[in-house]
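Reading through the C-alpha cells given below for one structure.
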Amino acid sequence: MPNLDFFLYVVHGAFWCSFGITRLLTRPTNSGTTAFRDAPVSVEEGTAPFARSLVLVHFAAFLVMYAGMGIAIMPKRVPDWFPGQRIAGTFAIALGAGLVSWAVAHFSSWRFQARLDRGHELATRGPFRIMRHPIYMGLNLLALGTAIWIPSALVWVSVLLMAIGGDLRARAEEKILMTAFGNRCSDYFENTKRFVPGIY
C-alpha cells in the first residue's frame, strides 16, 4: 500500500509555490515603486539589530520540522492522534498559504531580513489591517498544520521554534519601523495586534 503521508510534501510544495507565484505576480515593475501610492514610505535605510541571527532561529525551526517529517514519513511511523488529522493539518497549512499570499500581494517591500530600504512602505492594507505580521503567522500555521498531521515531539518542537523565531523577528522589525515611521507606526501598532487579532 502506498505511503499516503508523502502527500504532506506536496502540500508543503503548494505552500511555497503559492508564496513564490504571488511574489512574482505582484512585484513592482520599477524599482522603488510601491504597491500603494498612499502608503507611507521610509526615507532612510536601516537594519534591525541581530537581523541575521534571528533568521537562524527560523532556519532551525525549518530544519527540525523537515527532519521530523522525514523521520516519521519515510518508515511509515506517523502517530495517530485523531481521525481526520491529515485533513485538519492540510486545512491549517492551506490557511497559512492563503495568509502569506494575501500579505505578499499587499506588501511590495517584503525582505527576507529585517531591513528597511529607501522607499520601504508601512503595510497597513489587506491582512495587515488585522495583524502586524501575517507572513510570520502564515509560517506558524505551516508548522502547526505539519504538527497536526505528524504529531511527533520533534515536529511540535519545530512549532515552538517557529513561533519564537517569528516573535523575535517581529519585535526587531517593529523597532526599526517605529524609528522610520514614528507616530503613524505607533498609531497602527495601537490598533493592530502582532499575530492573533484581538489577543496578541
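See the values below:
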quantity	calculated
Relative exposure of HIS58, HIS120, judged by other C-beta atoms within 10 Å (fewest first)	HIS58, HIS120
Additional length obtainable on full extension of the chain from THR47 to VAL10, 0.36 nm per residue less Cα span	9.8 nm
Burial ordering of ARG27, ARG194, ARG184, fewest other beta-carbon atoms within 10 Å first	ARG27, ARG184, ARG194
Rounded D (µm²/s) - the range 49-191, Kirkwood Rh over Cα pairs, Stokes-Einstein at 25 °C, 0.890 mPa s	151 µm²/s
Dipole in debye (nearest 20) - the range 49-191, about Cα centre, beta carbon charges: Lys, Arg +1; Asp, Glu -1	220 debye
Burial ordering of LEU116, LEU168, fewest other beta-carbon atoms within 10 Å first	LEU168, LEU116
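Throughout, read-outs are computed from the coordinates displayed, never taken from laboratory work. These figures come from a predicted structure and were not determined experimentally. Heads up, the Cβs are rebuilt from the backbone with ideal geometry, glycines too, and the neighbour counts pull from every protein chain shown.
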